[in-house]
Amino acid sequence: METAKAPGKIILFGEHAVVYGYPGIAVPVKNAEIEVSVSHSDYFSYETDRELYKEEKECLNELVDLIFFQLEVDKKELHIKIKSTIPIASGMGSSAALAVALIKGIAEHFDILLTEKKINEIAFESEKLFHGTPSGIDNTVVTYGKPVYFYDGEMQLLKLKKPIYLVIANTGIKSSTKEVVSGVRQRYERYKEEYSALFDKIGEITEKAKTAFENGEIEQLGELMDKNHALLQQIDVSCKELDELVETAKLAGALGAKLAGAGKGGNIVALVDESSKDKVIEALKKISKNVIYTEIKP
Ligand code: PMV
């Protein structure tokens, strides 16, 4: 039996704009992950430690077919066991992590050596099954398991000068990335000038954030997260539950906070420091059932 893992992720800057060719920044969240075990069986079957959500269920067979096609193997007699600690449909990249863990596990089962680049390419194709028009940022950060700066389909590993401390809190509302992204697309088509100007501003913020990461300017990063959240509100992907979590984190002393991922539910991410960390976690736990603390090291 072969076992493979892939981490969750959180987008720190640039979601939605990244779909239109602007830059985005995302980091892996290693204390939330998907583990896939692959073993021989007489026919294809799978088991999961939780209910799969609609898109996952619809896509799992297609996803496995795509992986087999890409790996050029035609034997499908496998039993796949999926274990996940990534909250689903929440902006933590569970679909990308599922794809990456499956690709790695199946490849290993058939003794196929894959480069990270190839895993990322296959995962990008898989993301299309889930999201329609993905930017590629999710599969990239999950494949490499490192902070990435993603721009126009190309990625650079992001160099952090100092560690960053993040608190992620879930609204409990499941949100479909595909639906939210297509809603933004409709509004973009309708109000092109206004939306292009908003994406320009998000793009500028992401560029400034890249520099702030490289220079270890943590407070500046917090301010940029707040500004990014305000712009995401303007493109109408926030909701009152996300805004409430963001405000709660800020009131408890977070350096910055924003929704993370597609929005309309899912998660927020707050940037904290040693002195605010416990207060922010405590305050968020009062209104969120799923609070994750994670450190991203240089
Ligand atoms: O909600 P998530 O984690 O799947 O993130 C989606 C990020 C978007 O920028 C909204 C879409 C994309 O493909 O980049």
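Derivation of every value follows stated rules applied to the coordinates shown; laboratory data play no part. Owing to the predicted nature of the structure, the values given are computational and were not obtained by experimental measurement. For neighbour counting, all protein chains shown are included, and Cβ atoms are generated from backbone atoms with ideal geometry for every residue, glycine included.
Say the cut-off is 29 Å between C-alpha atoms; which of K104/K128; K75/K118; K9/K250; K54/K279 go over it?
Over 29 Å Cα-Cα: K54/K279.
Work from the charge dipole of the chain (Cβ charges, +1 for Lys and Arg, -1 for Asp and Glu, about the Cα centre) and give the residue of V280, H131, Y191 farthest towards its positive end.
Of the candidates, V280 comes out farthest on the positive side.
When only DSSP loop residues count, what GluC sites (Glu not before Pro) in the range 11-118 have their Cβ near at most 14 other Cβ atoms within 10 Å?
Passing sites in the range 11-118 are E51, E72, E77.
Projected area of the range 164-296, taken from the Cα convex hull and averaged over every viewing direction, in nm²?
7.6
For the chain, the longest stretch holding no trypsin sites (Lys or Arg not before Pro) located in a DSSP loop with at most 14 other Cβ atoms within 10 Å is which?
The segment 162-288 is the longest one with no such site.
Out of the GluC sites (Glu not before Pro) in the range 202-298, which ones are loop residues according to DSSP with at most 11 other C-beta atoms within 10 Å?
Those that pass, being in a loop and sparsely packed, are E274.
Only four residue types carry charge here, +1 at the Cβ of Lys and Arg and -1 at the Cβ of Asp and Glu. Report the dipole size of the chain about the Cα centre in Debye, rounded to the nearest 20.
Dipole about the Cα centre, nearest 20: 600 debye.
In degrees between 0 and 90, to the nearest 10, how far off the longest principal axis of the chain does helix 218-234 point, with axes built from Cα atoms?
The two axes meet at around 80 degrees.
I'd like the distance separating the alpha-carbon centroids of the range 246-298 and the range 1-39, in whole Å.
18
About its Cα centre, what dipole magnitude does the range 167-256 give when the only charges are +1 on Lys and Arg Cβ and -1 on Asp and Glu Cβ, stated in debye to the nearest 20?
That gives a dipole near 380 debye.
The range 7-50: which chymotrypsin sites (Phe, Trp or Tyr not before Pro) are DSSP loop and have at most 10 other beta-carbon atoms within 10 angstrom?
Y43
Take the range 101-181, drop everything but the C-alpha atoms, weight them equally and run the Debye formula without solvent; then report log10 I(q)/I(0) at 0.15, 0.16, 0.23, 0.27 Å⁻¹ to two decimals.
Cα-only, vacuum Debye calculation for the range 101-181: -0.71, -0.80, -1.17, -1.25.
Round to a whole angstrom and tell me the spacing of the C-alpha centers of the range 165-213 and the range 104-131.
27
Give me the percent of DSSP beta bridges within the chain that run antiparallel, rounded to the nearest 5.
Rounded to the nearest five, the antiparallel share is 90 percent.
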